[in-house]
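Enquirer: Encoded as structure tokens, here's the structure I'll be asking about.
The values are calculated or read from the model by the stated rules, or taken from the named source; none is laboratory data. Since the model is a prediction, treat every value here as computed from it, not as a measurement. Here the Cβ is made from the backbone with ideal geometry for all residues, glycine too, and neighbour counts use every protein chain on show. Note: areas computed on protein heavy atoms with side chains; ligands, DNA, RNA excluded. Shrake-Rupley method; radii C 1.70, N 1.55, O 1.52, S 1.80 Å.
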Amino acid sequence: MKTIGILGCGWLGLHLNQYLQEKQYSIKGSTTSEAKLPELRAVNIDPYLVNLQDLDEGQMHSFLTDLDLLVVTIPPIRGEESDLYAQSFKRLVPYLQQHDIQHVIMMSSVSVYAPNEQEVTEQSMAYSHDPTSRQILAAEQVLLQADGIKSCIMRLGGLFGPDRKPVRYIVNRGILDNPDLPVNMIHIHDIVQFTAAIIAQGFKANEVFNLVSPHYKSRFDYYTKEAEEMGLTLPPLGENDWKTHRKITGHKIVQQTGLNYQTL
């Protein structure tokens, strides 16, 4: 049985754990909160207290021991101007090398891409200057340039699922801005199924994949369907700021795995 480490057992990490355990993987997981350790044990995760900003070397070594692959799901600090996020990854890499962990999957974000009139693929080199996006891109580069480590970067669209409904935020905000612009969203089911497929296939070189559902034409289309499903009424529509246009394509992961995005 392969042992997978999940660095950061938040919403995404816990869903991934459940799916991977169903595929007969053994899971070691980390949290920065001591109070959360019993919660992780309750879902059959072997838990460790790991904070890359305040490292406990003993916990880090124990967490990484005998891992076949590490999945990193820790998010950056939104709006942070400094390079704290990338520095965390720089602290992590020597431990990965010491434990001979040769394969890492990083949950990243399509927010690294700049607005673009053209469809954006993994080949795009036009990146956002937003501080959070720059943090994420810098952290990606730390892994992609690390000696002895093959990294698979999963650039995720906006997250949603049965227990995560962004439409509530729109309703509470009272306006739906940019209704006609593209929407770049990804369902948790797609994240976990594609990640499990990449783990099963393995990867012999660095890879970058965009994960964005192809099933929505616009922000209005997505939020209308979500509102109808929940019995909510969408607020009034705002203006379209076409300078922020960004349509991400996620076909490469389909070609790589042979899986399709969840149908509606």
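Enquirer: Could you give every pair whose Cβ atoms fall below 7 Å, whose first residue belongs to the range 227-248 and is more than 17 Å from ARG173 (Cα to Cα) and of a type outside the set (Asp, Glu), and whose second residue is open to solvent by 90 Å² or more (accessible area, probe 1.4 Å) and part of a loop (DSSP other than H, G, I, E, B), counting only separations of at least 6 or pairs across chains?
Expert: Sorted first by the residue in the range 227-248, then by its partner, the pairs are HIS245/GLU117.
Enquirer: Only one of these conditions is not met by SER108: (1) in contact with a helix residue (DSSP H, G or I) (Cβ under 6 Å, 6 or more places away or on another chain); (2) open to solvent by 30 Å² or more (accessible area, probe 1.4 Å). Which number is it?
Expert: Of (1) in contact with a helix residue (DSSP H, G or I) (Cβ under 6 Å, 6 or more places away or on another chain); (2) open to solvent by 30 Å² or more (accessible area, probe 1.4 Å), only one is false for SER108: (2).
Enquirer: Here's another thing I want to ask about it. Report those strands (runs of 3 or more DSSP E) wholly inside the range 1-91 carrying at least 3 residues which are buried (at least 22 other Cβ atoms within 10 Å of the Cβ) and within 16 Å of the chain's Cα centre (by Cα).
Expert: Strands (runs of 3 or more DSSP E) meeting the threshold: 3-7, 69-72.
Enquirer: Something else: How many of the residues making up the range 103-151 are farther than 19 Å from VAL183 by Cβ and part of a strand (DSSP E or B)?
Expert: Here the count works out to 8.
Enquirer: Can you tell me how many residues in the range 186-206 are in contact with a Leu (Cβ under 8 Å, 6 or more places away or on another chain), of a type outside the set (Ser, Thr, Tyr) and not in a loop (DSSP other than H, G, I, E, B)?
Expert: Looking only at that region, the number is 10.
Enquirer: Is there any pair linking a residue in the range 200-214 that is under 12 Å from VAL104 (Cα atoms) and open to solvent by 20 Å² or more (accessible area, probe 1.4 Å) to one that is outside any loop (DSSP other than H, G, I, E, B) and small (Gly, Ala, Ser), with Cβ under 8 Å and at least six apart or on different chains, and which?
Expert: ASN206/SER151; GLU207/SER151
Enquirer: On the given criteria, is TYR95 hydroxyl-bearing (Ser, Thr, Tyr) and surrounded by 22 or more Cβ atoms within 10 Å (Cβ to Cβ)?
Expert: Here the answer is no, as TYR95 does not meet what is asked.
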